[in-house]
1. List the residue pairs whose Cβ atoms are under 9 Å apart, where the first residue sits in the stretch 235-249 and is more than 17 Å from residue 193 (Cα to Cα) and in contact (Cβ under 8 Å) with a residue 40 or more places away in the chain, the second is open to solvent by 30 Å² or more (accessible area, probe 1.4 Å) and of a type in the set (A, V, I, L, M, F, W, C), and the two are 6 or more positions apart or on different chains.
2. Suppose we filter 220, 215, 226, 248 for residues that are hydrophobic (A, V, I, L, M, F, W, C), in contact with a Leu (Cβ under 7 Å, 6 or more places away or on another chain), surrounded by 15 or more Cβ atoms within 10 Å (Cβ to Cβ) and at negative phi; which single one remains?
3. Name the residue, out of 213, 188, 177, that is of a type outside the set (Lys, Arg), without any contact (Cβ under 8 Å) to a residue 12 or more places away in the chain and closer than 18 Å to residue 122 by Cα.
4. Based on this model, can you work out whether residue 119 counts as of a type in the set (Val, Ile, Thr), closer than 30 Å to residue 6 by Cα and open to solvent by less than 80 Å² (accessible area, probe 1.4 Å)?
5. Would you mind stating whether residue 199 is of a type in the set (Val, Ile, Thr), in a helix (DSSP H, G or I) and either open to solvent by 40 Å² or more (accessible area, probe 1.4 Å) or over 22 Å from residue 259 (Cβ atoms) (or both)?
6. Among the residues of the stretch 80-92, are any part of a helix (DSSP H, G or I) and surrounded by 23 or more Cβ atoms within 10 Å (Cβ to Cβ)?
7. For residue 184, which of the numbered conditions (1) open to solvent by 50 Å² or more (accessible area, probe 1.4 Å); (2) farther than 24 Å from residue 32 by Cα fails to hold?
8. Mind telling me which of the residues 96, 129, 112 ends up being at pLDDT below 95 and either open to solvent by 10 Å² or more (accessible area, probe 1.4 Å) or in contact with a Phe, Trp or Tyr (Cβ under 7 Å, 6 or more places away or on another chain) (or both)?
Amino acid sequence: MPATVHISSAWLIATLVSALFVIIYPLVLAVIAHRWLKVSWRYFGFGALIFFLFQIISRVPIVTVLGNVLAPQLKASPIFLYIWLAFLALTAGLAEEVGRYVGYRWLMKREEKTWSKAVMYGLGHGGLESMLLVGGLIILNIVNLVVLSSLNLNTLPAAQHAQVVQQVNALNAQPIWMVFLGSWERLWTVPFHVAMSVIVLQVFVRNNIAWLWLAVLLHALLDGVAVFLQQILGAGTTTSLIIEGIVAIAGIASIWLIWRLRNRSETRTDTVVSDAAIS
């Protein structure tokens with residue numbers, strides 16, 4: 001067996017480019033929004049804070065621990081696995097959309113809640129997810145691969161040695177464009193987050209809590225479709241392309257929805273709704 005493994009330089013460069021894109025992309029959108037909409041950066045910070053509180057330090061640790069505890073049951077029962085996947089999709093929708101609603105009430109309080117603020121709020125929410133969860137994991141993956149390529153694999157047990165070589169060979173055999181699927185997903189997922197923020201905004205603009213549950217449903221639906229398709233079709237290039245195609249359709253629909261809801265929420269001047277008016 002080889003003493004070392006060789007990671008394709010082209011793959012490493014493409015991965016680095018992908019990492020830079022998912023980190024810089026939401027910031028570029030935020031700069032454009034700040035200049036074009038004349039909206040403060042603090043709303044970007046509000047969105048990032050809500051995502052951090054309701055996902056990073058709450059839901060993600062909880063579902064990770066539960067997943068480890070339930071791992072034997074998930075492997076043994078396909079029905080239980082599908083219930084678990086539905087639970088993950090639903091809790092993602094609840095955590096993020098209820099979090100947005102709480103942010104509007106808690107962070108923006110009695111100030112006027114406008115479309116421009118909602119756009120920046122959504123960019124902060126989706127931006128932190130893109131920069132931290134996606135970009136951070138890609139960079140961690142790059143570091144791990146670089147470390148692996150510098151190791152003397154002969155110091156590893158034979159089974160682990162063979163596993164590392166097999167994984168690296170499979171990685172090198174992948175077409176380079178596969179590396180950019182994560183970037184493609186973020187390209188459309190960030191607008192989806194903005195759209196969800198604009199939808200939740202309607203709770204205050206239209207004084208109707210049903211808009212919050214619509215956002216929860218749409219978010220859970222998109223997440224659910226992705227995880228269920230992967231489970232049903234299995235991992236592979238075709239499955240990835242189908243899922244990313246669905247994500248792109250959702251992103252395009254999100255851009256339309258963001259613009260469609262602009263006039264009502266931005267032009268009305270009598271829509272400052274007090275906290276007490278929202279049930």
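1. Going by the 9 Å Cβ cut-off, the qualifying pairs are 237/178; 240/178.
2. Exactly one residue qualifies, and that residue is 220.
3. Unique residue meeting the criteria: 213.
4. Considered against the rule, which asks whether it is of a type in the set (Val, Ile, Thr), closer than 30 Å to residue 6 by Cα and open to solvent by less than 80 Å² (accessible area, probe 1.4 Å), residue 119 comes out as no.
5. Working: of a type in the set (Val, Ile, Thr): yes; in a helix (DSSP H, G or I): yes; either open to solvent by 40 Å² or more (accessible area, probe 1.4 Å) or over 22 Å from residue 259 (Cβ atoms) (or both): no.
When the stated conditions are applied, residue 199 does not pass them.
6. no
7. (2) is the only condition that residue 184 fails.
8. Among 96, 129, 112, only 112 is at pLDDT below 95 and either open to solvent by 10 Å² or more (accessible area, probe 1.4 Å) or in contact with a Phe, Trp or Tyr (Cβ under 7 Å, 6 or more places away or on another chain) (or both).
The values are calculated or read from the model by the stated rules, or taken from the named source; none is laboratory data. Since this is a predicted model, take the numbers as computed values, not measurements. A quick note on method: Cβ atoms are made from the backbone with ideal geometry, for glycine too, and the neighbour counts reach across all protein chains shown. In case anyone asks, the SASA skips ligands and DNA or RNA and just uses the protein heavy atoms, side chains included. Shrake-Rupley method; radii C 1.70, N 1.55, O 1.52, S 1.80 Å.
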